[in-house]
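The values are calculated or read from the model by the stated rules, or taken from the named source; none is laboratory data. In this text the structure is predicted, and so the values were computed from the model without any measurement. Using ideal geometry, Cβ is built from the backbone for each residue, glycine included, and neighbour counts are taken over all protein chains shown. Protein only, heavy atoms only, side chains kept; ligands, DNA and RNA dropped before computing areas. Shrake-Rupley method; radii C 1.70, N 1.55, O 1.52, S 1.80 Å.
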Amino acid sequence: KSDDLTGENESEIELIAIYEKNTTTINVGTEVSSASYKSDRISGGEKLLDSKSIYAQLDFTPFSNWNFVLGSRVDDHSELTPVYSPRIAIMYSLNKRWKFRSMWGTGFRMPTFMDRYIDWYHYQFGYTVIGNPDIKPETSEGYSLGFEYYHS
């Protein structure tokens, strides 16, 4: 008989749709996940986590030398308020060799389950792992501005 009561059950569904016509591409999608963890290494012995995300991106070229990309993502985790991550990018082609690019967007990364909830002492090596349930997700803001030269 085993004394190990550890259990993990994860389910994830991802749906993506892509539409292309002429100089326009639309991507939309959603992700839904549910996870349950059971272990004596978890404070309280058990944890249930759910998350849902929806995202969309529009890539279009309204004029022969202009390209625009607009995107957004919403992540909704069971332990947080929804997080919005927008993005915009613009490219202007001066000619076949020179391009001007600009981009701005935000990002988000949820801490791992172990970062937040695992609590245990490693007897063999004498160290303790203590999760921090109050750790905040990582967020970022990025931008770029540049010229590109293509040399065949």
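Worth pointing out:
- Given +1 at the Cβ of Lys and Arg, -1 at the Cβ of Asp and Glu and no other charges, the dipole of the stretch 93-145 around its Cα centre is 700 debye to the nearest 20.
- Using R0 = 25 Å, the C-beta based FRET efficiency linking GLN124 and GLU10 works out to 0.35.
- With a cut-off of 10 Å between beta carbons, the residues surrounding LYS52 carry a summed charge of -4, where Lys and Arg count +1 and Asp and Glu -1.
- For the chain, the relative contact order works out to 16 percent when only alpha carbon pairs closer than 8 Å and six or more residues apart are counted.
- Global size of the stretch 1-59 as Cα Rg and Dmax, reported in angstrom: 18.9, 64
- Comparing Cα centroids, the stretch 79-105 and the stretch 1-75 end up 21 angstrom apart.
- FRET efficiency, 1/(1 + (r/R0)^6) with R0 22 Å, evaluated for THR61 and TRP104 via beta carbons: 0.70
- Solvent exposure ordering (accessible area, 1.4 Å, most first) of SER33, SER53, SER43: SER43, SER33, SER53
- Among the protein heavy atoms, those of SER102 account for about 40 Å² of accessible surface (1.4 Å probe, every chain in place).
- Order of exposure, largest accessible area first, which applies to ILE42, ILE16 with probe 1.4 Å: ILE16, ILE42
- Relative contact order (percent, whole number), the stretch 88-152, Cα cutoff 8 Å, 6+ residue spacing: 41
- Looking at the chain, the accessible area is 74 square angstrom per residue; that uses a 1.4 Å probe and ignores ligands, DNA and RNA.
- The Cα atoms of the stretch 41-127 give a gyration tensor whose axes a ≥ b ≥ c have a/c of 1.5 or more with a/b greater than b/c, which makes the shape prolate.
- Pairwise FRET efficiency - ILE135 versus THR24, Cβ, R0 = 35 Å, nearest 0.05: 0.30
- In range of the label at VAL74: residues from the stretch 17-54 whose backbone nitrogen is under 13 Å from the point 7 Å along Cα→Cβ: 29-31, 52-54
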